[in-house]
Amino acid sequence: MASALLMGGAMLRTLVAIVPFVLGLTASQAHAETALPQCSAMLDEVTQARASLEQLEASLVSMDAERAELVAGIERLQQRIDAARGRGESTLGLQGERDAMRGELSLIDELRPAVVAQLEALRESIDTSERGYIACVEATL
């Protein structure tokens, strides 16, 4: 009988310890259910921003590749111009082609800093959004 009372007392202490936990868990679940759509929306925003970041990074890589091709093309045209001049031939057509390529190169050089700035701003925005999402999830726990 005494052991039954001791056992009952231990069970009661366990039950007393579990009840606040279960009640807290139930309250947390209710809070999580109301916060879950908000957290989910935040995660969707982060996912979309990451996709935009990847596209912007790919655009920058493409711009850099195009720039390298233009620089190489301008150098080749300049060599052709120099060779044609050495032979006494007209170089107006080649010069026009070279100047057009220089214009494209100039445009890329003007646009690149803006693209880099957008990349940096988007990365910062993603970091902020990810921290917000983590805070949202933590708040639901």
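Some values worked out for this structure:
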{"quantity": "Net +/- balance of residues flanking residue 112 in space, Cβ distance below 12 Å, scoring K and R +1, D and E -1", "calculated": "-3"}
{"quantity": "Over the range 30-141 - Rg/Rh using Cα atoms and the Kirkwood inverse-distance radius", "calculated": "1.38"}
{"quantity": "Full-stretch length increase - residue 47, residue 72 - with 0.36 nm per residue and alpha-carbon distance subtracted", "calculated": "5.2 nm"}
{"quantity": "Near-label residues of the range 46-63 by backbone N, under 16 Å of a point 7 Å along Cα→Cβ of residue 112", "calculated": "57-63"}
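Each reported figure results from applying straightforward, stated rules to the coordinates on display, with no laboratory input. Predicted model, so just to flag it, every value in this text is computed and none were measured. So basically every Cβ, Gly included, is an ideal-geometry build from the backbone, and we count neighbours across all protein chains shown.
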